[in-house]
Structure formats: structure tokens, C-alpha cells
Amino acid sequence: MLKKKKKEDIDNPEEINEMHTDNGQDVIPETEVTESLPTPAELLKEELSAANDKYLRLYAEFDNFRRRTIKEREDARKMEGKELVVALLPVLDDFERALKAMEKATDVAPVKEGVTLVQHKLKNILTQKGLKEMASIGNAFDPDLQEAITNIPAPSDDMKGKVIDEMEKGYFLNDKVVRFAKVIVGA
């Protein structure tokens, strides 16, 4: 078919001129039009590069998100005790005033009363933050809550296996043990 067309084109040079010029405009032969269209391989390469670019941008965005959340967590950890520290600052101020008062005091009773008031203030603040004292004396020894320092002979038979004395108080913070009580148990 192409051979026939070429022969006809050679026989009719007027038609060739008409193909190249149609009302003063050049007409592109069909073979050139098909060559300018992208091949399937080129289309796939373009799709691959677009997908790769999209992947890289998404990966970079995720990496930035990860770094930002790590930084926010570190900042939150650094500041997580801020509320408690701010609440304890008045107690610190009271202790400083008590030290100044002790330097000038001649009578011990008012100083003792001032220190007792500061202790109550400190206990109230810590109680508001969720700290609770552990009751140990007279209760049965519980190794999950208490640490036995020593055993002594029990003063009575009913005190055997029970806490006789407490060396250090134990504390709960929001119903979790934060410090075990150090106790002396009757044997």
C-alpha cells in the first residue's frame, strides 16, 4: 500500500504540494504525528518519576513530623514537673522566712509553731497533687508495700507478723506506690 502511494505521489507532484501546503499552512504528515506521541515506556518512566517524587515528599513530610513529635515529647518531659514545682515555691519561701526568724528568735516555741505550719502547708500541697501516706503501724506486714529492715520480738502475741515501728513512711501517688515504707516487724 505504501509502495502504491509512493508511486502515485511520484506520478502526481501536485498532490504532494497540496499535502505540504493547505491554504498556506504546512500539514504534518502522519508519520511525524505518531513519532511525537510518547511511547508507553516513556509514559511509564514519567509515572515512575512522579510516583518517586510523591514518595520522597511524603517520606520527608513524615520524617519532619517524627522529629517534631520527638522534640515536643522532650519538651513535655522537661516541663512535666512544672506544676508541682510552682505549687511548692510558696513552701520554699516559708522555709526561707523561718530560717531568718530562727536567727533572731530567742524563744523556741514560735519557731516550732512556724515550722509546723510550713509542714502542714507542704503536706496539703502534696495531697492535692495526689500524694497519700501509707498507714503501716499495727497492720500486717505486706512485702508489696513495705520493706522490713529488721525483726524484733513482738511485745504481745497478737503483734507477731505485724508492723511494730516505722523508720520511713511509705507513700502512694495516685494509688501507686512511689516509696515503700521501711518498717520493723514483730517476730
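Before we move on, is Val91 closer than 30 Å to Gly130 by Cα, modelled with pLDDT of 85 or more and loosely packed, with under 10 Cβ neighbours inside 10 Å? When the stated conditions are applied, Val91 does not pass them.
If you go through region 124-159, how many residues are touching a Gly at 6+ places or on another chain (Cβ under 8 Å), under 17 Å from Asp175 (Cα atoms) and open to solvent by less than 70 Å² (accessible area, probe 1.4 Å)? Can you show your working first?
First, pick out the residues of region 124-159 that are touching a Gly at 6+ places or on another chain (Cβ under 8 Å): 133-134, 136, 140-141, 145-146, 151-155, 159.
Then drop every residue that is not under 17 Å from Asp175 (Cα atoms), which leaves 133-134, 136, 145-146.
Next cut, open to solvent by less than 70 Å² (accessible area, probe 1.4 Å) only: 134, 136, 145-146.
Number of matching residues: 4.
Just one of the numbered conditions (1) open to solvent by 100 Å² or more (accessible area, probe 1.4 Å); (2) more than 21 Å from Asn124 (Cβ to Cβ); (3) not aliphatic (A, V, I, L, M) is not true of Glu74: (1).
Looking at this structure, is Glu166 of a type outside the set (Ser, Thr, Tyr) and touching a Ser or Thr at 6+ places or on another chain (Cβ under 7 Å)? Taking the combined requirement at face value, the residue satisfies it.
Quick grid of which residues meet (1) out of contact with any Ser or Thr (no Cβ under 8 Å at 6 or more places or on another chain); (2) modelled with pLDDT of 90 or more; (3) among the hydrophobic types (A, V, I, L, M, F, W, C); (4) farther than 30 Å from Leu173 by Cα:
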| position | (1), (2), (3), (4) |
| --- | --- |
| Glu61 | yes, yes, no, yes |
| Arg68 | yes, yes, no, yes |
| Glu80 | yes, no, no, no |
| Thr116 | yes, no, no, no |
| Leu122 | yes, no, yes, no |
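Restricted to region 169-179, and to residues there that are over 23 Å from the mean Cα position of the chain (by Cα) and open to solvent by 70 Å² or more (accessible area, probe 1.4 Å), the residue that is nearest to Ile152 (Cα to Cα) is Lys169.
The values are calculated or read from the model by the stated rules, or taken from the named source; none is laboratory data. Source: prediction; values computed, not measured. Here the Cβ is made from the backbone with ideal geometry for all residues, glycine too, and neighbour counts use every protein chain on show. Side chains included, ligands, DNA and RNA excluded: accessible areas come from the protein's heavy atoms. Shrake-Rupley method; radii C 1.70, N 1.55, O 1.52, S 1.80 Å.
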